[in-house]
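Please read the structure below before turning to the comments.
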Amino acid sequence: MGTIKAAKASVSKKTYTVGGKTLTEIRESLLANQIGGTDGVGDCTTAVKVPSISKFDEEENSKPKQKGMVDWSVTAKAGPQIDITATITLPALKSDKDLSAADKKEWQRFANELSAHEDLHVAAGQSVADEIAKELSNMKATGSGKDKDAAIKAAVAAYVKQYAAAYGGSKVAERVKKAHEALDKKGNTFDLDDSIE
Ligand SMILES: [Zn+2]
C-alpha cells in the first residue's frame with residue numbers, strides 16, 4: 001500500500017513590523033499591529049489539497065457474490081499527491097538598537113517560542129495530509145456486473161461515493177481546523193515580558 005503520498009508542506013513566511021525603544025513600547029506595538037490570526041500575534045494557515053482520483057488499479061475478486069456475475073475492486077493508481085500550502089506570519093522587530101541586552105534576550109525568547117509554535121501548526125497540517133494519504137491508499141470499492149466493464153463501472157461509482165463522503169465539501173478543511181484547535185488547546189498565548197524593565 002501507500003500508492004498515494006502527501007507532499008512535504010510548502011511553507012511561505014510573512015512578517016509584520018513592530019517597533020519601540022523599550023519592551024513596553026514593543027508590547028504595545030505588538031498589540032496594536034497584531035494580525036489577529038489563530039495565535040493573535042502570530043498565525044499559520046495550512047491548506048491541504050486532496051487530489052481527485054480518476055485512474056484506478058483493478059483487481060478481480062476470485063469469489064463473486066452472485067452466480068453468473070463478476071466482481072471487481074478498484075483502488076487509486078499511484079501518481080496523484082496531496083499538497084499542503086502553509087503560510088506563517090510573525091512579527092519582526094524594526095530595530096533593536098535601542099534595546100538593552102536583557103530586552104534583546106527577552107525579544108528573542110518571545111520570537112523563538114512563537115516561531116516554534118507556528119512550525120507545530122505546519123506539522124499539524126502535515127499530519128492530516130499524511131493521514132489522508134494513508135486512507136486514500138487503502139480506499140477500495142467493489143462492484144458486480146455481468147462482465148468486467150460493468151463491474152468496474154459499478155466499482156468506480158461506489159469509489160466516487162466513498163471519496164465524496166470522506167473528502168467532499170468542507171470536510172478536509174474541517175479536519176485541518178480541528179488539528180489546529182487541538183494544538184492551540186495546549187496553549188497559544190505568547191507574551192513579551194516587559195516586567196523585567
Ligand atoms: Zn497556535
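The numbers here are math on the coordinates, done by the rules we state, and not lab data. Just so you know, these numbers come straight off a predicted model, no measurement behind them. All Cβ positions, even for glycine, are placed from backbone atoms using ideal geometry, and neighbour counts span all protein chains on display.
Quick notes on this one:
- Reachable lysines from LYS104, criterion Cα separation under 25 angstrom, eight or more residues apart if same chain: LYS13, LYS14, LYS21, LYS94
- When each of ASP71, ASP39 is scored by the number of other beta-carbon atoms lying within 10 Å, the sequence from fewest to most is ASP71, ASP39.
- Gaussian network model of the chain, Cα within-10 Å springs - most flexible of LYS65, LYS171, LYS134: LYS65
- Value at 222 nm in deg cm²/dmol, rounded to 500, when DSSP H runs of n ≥ 4 in the chain each add -39,500 (n - 2.57): -15000 deg cm²/dmol
- Partner lysines whose Cα lies under 28 Å from the Cα of LYS63, excluding those fewer than 8 positions away in the same chain, are identified as LYS55, LYS77, LYS134, LYS140, LYS146, LYS148, LYS153, LYS161.
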